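For reference, the structure is listed below as structure tokens.
No lab work stands behind these numbers, since they all come straight from the coordinates. Everything numeric in this text was worked out from a predicted model, so none of it was measured. With ideal geometry, Cβ positions are generated from the backbone for all residues, glycine too; neighbour counts draw on all protein chains shown.
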Amino acid sequence: MSRIGKKPVDVPSGVTAAVDGQNVKVKGPKGELAFRVHDDVVVEFKDGKVSVQPRSETKQARAMWGMSRTMVSNLVEGVTKGFEKKLEITGVGYRASVQGKNLVLALGYSHDVVYPIPDGIQIACAKPTEISVAGVDRQRVGQVAAEIRDWRRPEPYKGKGVKYAGEFIFRKEGKKK
């Protein structure tokens, strides 16, 4: 039994939700999002709440039940508050800046890395060593942050690279003489 799936998703005031078969659309102050729920799950909207139930008691249906409820919850949270991931850059000479519609990263390569900012995503650099990725779609925010991190992952010897804020980097001891 899904403990997450049992709880209905509250739709706050100022947010409109519409369920059309397997499609869920949510519109709020920050934008509009949609999600197609798996066929093993039934979704219904009544009394200001979106509830999700499995069609049968198969393992697949129970797995999709909790996942679908979480996805609908992410839609509601995205259009009300939005999502944000913070990245930190560590290393001498490593820095980031936003120039127009591009994020320019100096990460120790012979050239600067130019990352075009996708639509629906806002990237800000409060300091040259901090990057903030924000948006309404949780999956896209996480994907963009992961793509930026992939340009120079943190290495275990000196800890240089791009890491998530609060991420622990397991440090290794270097060679001994």
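Quick look at the values:
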read-out	value
Segment 95-177: GluC sites (Glu not before Pro) in DSSP coil with no more than 16 other Cβ atoms inside 10 Å	Glu167, Glu173
Cα point-scatterer Debye curve for segment 83-164, base-10 log of I(q)/I(0) at q = 0.12, 0.26 Å⁻¹	-0.30, -1.36
Cα-based Rg / Dmax (Å) for the chain	20.6, 71
Principal axis box of segment 1-95, alpha-carbon based, largest edge first, Å	57, 34, 20
Pairs from Lys86/Lys175; Lys101/Lys163; Lys30/Lys160 whose Cα-Cα separation, in the structure shown, is over 25 Å	Lys86/Lys175; Lys30/Lys160
Net charge of neighbours whose Cβ lies under 9 Å from the Cβ of Val79, counting Lys and Arg as +1 and Asp and Glu as -1	+1
Qualifying chymotrypsin sites (Phe, Trp or Tyr not before Pro) for segment 31-77 [loop in DSSP, other Cβ within 10 Å: at most 14]	none
